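Please read the structure below before turning to the comments.
The values are calculated or read from the model by the stated rules, or taken from the named source; none is laboratory data. In this text, all values refer to a predicted model and were calculated from it rather than measured experimentally. Note that each Cβ is placed from the backbone with ideal geometry, even for glycine, and that neighbours are counted across all protein chains shown.
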């Protein structure tokens, strides 16, 4: 089967095969996924598909069905493992400090958040972070410094009514 013939086969058969797999699986999205994956796998053997016994549609349908079954088995195994390792009901949720830290990290620019997490949580050196990010060591140091300052600002308790407002809370027209 030539490239053009395979493309025509795909265009003429995809919808039919999706409907068939939908009837077999009961999940339209899953049917689309497995049929698409079967066509991708068929592309590599398109020269042999027309000479194989049966029709190319049968080969695609069989591969798609096997993919669906394989996914079901993996999902079932995952659920079994999940149930076997269920979290005890008395496990406390994240504390207010954890929640505040996550919220503050989300407010940082992505490059600063990356530097902070890799340095403080993953214990990478500044050099390792620079290598991973593809940037200079000085840039990483600046990101860490700015990120820490921004985190401190986001994590600071709300000021008292009599204290000086933060820069973002100023009511005057100072820039």
Worksheet item: Would you call residue 47 part of a helix (DSSP H, G or I), surrounded by 15 or more Cβ atoms within 10 Å (Cβ to Cβ) and in contact (Cβ under 8 Å) with a residue 24 or more places away in the chain?
Response: no
Worksheet item: Which residue, of 86, 149, is in a helix (DSSP H, G or I) and either modelled with pLDDT of 85 or more or loosely packed, with under 10 Cβ neighbours inside 10 Å (or both)?
Response: 149
Practice prompt. Kindly indicate whether residue 24 is modelled with pLDDT under 80, within 29 Å of the chain's Cα centre (by Cα) and surrounded by 12 or more Cβ atoms within 10 Å (Cβ to Cβ).
Written response: yes
Worksheet entry | Any chance residue 75 is under 26 Å from the mean Cα position of the chain (by Cα), at pLDDT below 85, in a helix (DSSP H, G or I) and exposed (fewer than 14 other Cβ atoms within 10 Å of the Cβ) | yes
Practice prompt. Consider only pairs whose beta carbons are under 9 Å apart and that are at least six residues apart or on different chains; among these, list those whose first residue lies in segment 60-79 and is more than 16 Å from residue 29 (Cα to Cα) and whose second residue is part of a helix (DSSP H, G or I) and at pLDDT below 80.
Written response: 60/49
